[in-house]
Every structure is written in structure tokens, then in C-alpha cells.
Amino acid sequence: MEAIGFHRTGNKLTVTNPTPWYLSFFKLNVGDKVVDTAFTMVAPHGSTDYTIPAGAGGKITWQYINDYGAGSLVLDEKG
């Protein structure tokens, strides 16, 4: 998957999707805190803002929902 972009500003996490496909998260974490991504997708060549839970810090890890409806391998913010 092409490099998905992550940018933190305060309690906001902006996810940028440079691919031609919709991105649905299976899991998105900042450190040990789970980011609520329920009922959202990141549009192709678009971006979506998520609220970072209070006290969250550290590495961003994520999994996307693949073509089979399962979670991908765990990725970090560097891909």
C-alpha cells in the first residue's frame, strides 16, 4: 500500500490517503490508546480527521480492512 500520511495537531489526527481506493481501518492506535474510526473511511486522494484520545502519545499503529474483509498486518506510521 502506498504511504498513508498521518499528521498530529493537538488532539486531532489527520489521515491522508494518496491511493485510488477507499481506506477503512480495522484498528488505529496512538501508543496504547484506540482511536475511534467507527463508520468512517478515508476517501481516495482525500483526508479524514480523527480525535486522539486524552493521554495518547507514542507511535501510530494501524490495520486496514483488506479485500477479504479481514485486518491487514499491523503497520506503523512509516508504513
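The values are calculated or read from the model by the stated rules, or taken from the named source; none is laboratory data. On a predicted model such as this, the values are computed, not experimentally measured, just so you know. Note that each Cβ is placed from the backbone with ideal geometry, even for glycine, and that neighbours are counted across all protein chains shown.
Among Val34, Val15, Val42, which is under 13 Å from Glu77 (Cβ atoms) and either among the hydrophobic types (A, V, I, L, M, F, W, C) or in contact with a Cys (Cβ under 9 Å, 6 or more places away or on another chain) (or both)? Lay out the reasoning, then the answer.
Details: Val34 fails: under 13 Å from Glu77 (Cβ atoms); Val42 fails: under 13 Å from Glu77 (Cβ atoms).
Testing whether each residue is under 13 Å from Glu77 (Cβ atoms) and either among the hydrophobic types (A, V, I, L, M, F, W, C) or in contact with a Cys (Cβ under 9 Å, 6 or more places away or on another chain) (or both) leaves just Val15.
Yes or no: the range 24-47 includes at least one residue that is of a type in the set (A, V, I, L, M), under 10 Å from the mean Cα position of the chain (by Cα) and surrounded by fewer than 18 Cβ atoms within 10 Å (Cβ to Cβ).
Going through the range 24-47, the residues of a type in the set (A, V, I, L, M) turn out to be 28, 30, 34-35, 38, 41-43.
From what is left, the residues that are under 10 Å from the mean Cα position of the chain (by Cα) are 28, 30, 35, 41-42.
Of the ones still in play, those that are also surrounded by fewer than 18 Cβ atoms within 10 Å (Cβ to Cβ) are 41.
Scanning the range 24-47 turns up at least one residue that is of a type in the set (A, V, I, L, M), under 10 Å from the mean Cα position of the chain (by Cα) and surrounded by fewer than 18 Cβ atoms within 10 Å (Cβ to Cβ).
Identify the residue in the range 1-35 that is charged (D, E, K, R) and in contact with a Pro (Cβ under 8 Å, 6 or more places away or on another chain) and, among all such residues, is farthest from Ser47 (Cα to Cα).
In the first step, residues of the range 1-35 are kept if they are charged (D, E, K, R); the result is 2, 8, 12, 27, 32-33.
Subsequent filtering for residues that are in contact with a Pro (Cβ under 8 Å, 6 or more places away or on another chain) retains 2, 33.
Values: Glu2: 14, Lys33: 21 Å.
By that ranking, first place goes to Lys33.
Would it be correct to say that Thr51 is modelled with pLDDT of 95 or more and surrounded by fewer than 17 Cβ atoms within 10 Å (Cβ to Cβ)?
On the way: modelled with pLDDT of 95 or more: yes; surrounded by fewer than 17 Cβ atoms within 10 Å (Cβ to Cβ): yes.
Criteria met by Thr51.
Hey, among Glu2, Glu77, which residue is surrounded by 15 or more Cβ atoms within 10 Å (Cβ to Cβ), modelled with pLDDT under 95 and of a type in the set (Asp, Glu)? Step through it out loud before you land on a result.
On the way: Glu2 fails: surrounded by 15 or more Cβ atoms within 10 Å (Cβ to Cβ).
Going through Glu2, Glu77 in turn, just one is surrounded by 15 or more Cβ atoms within 10 Å (Cβ to Cβ), modelled with pLDDT under 95 and of a type in the set (Asp, Glu): Glu77.
Which fully enclosed strands (runs of 3 or more DSSP E) of the chain have 1 or more residues being touching a residue at least 60 places away in the same chain (Cβ under 8 Å)? Walk me through it before giving the result.
Details: elements: 5-9, 12-17, 25-30, 46-51, 60-64.
Fully inside the chain and qualifying: 5-9, 60-64.
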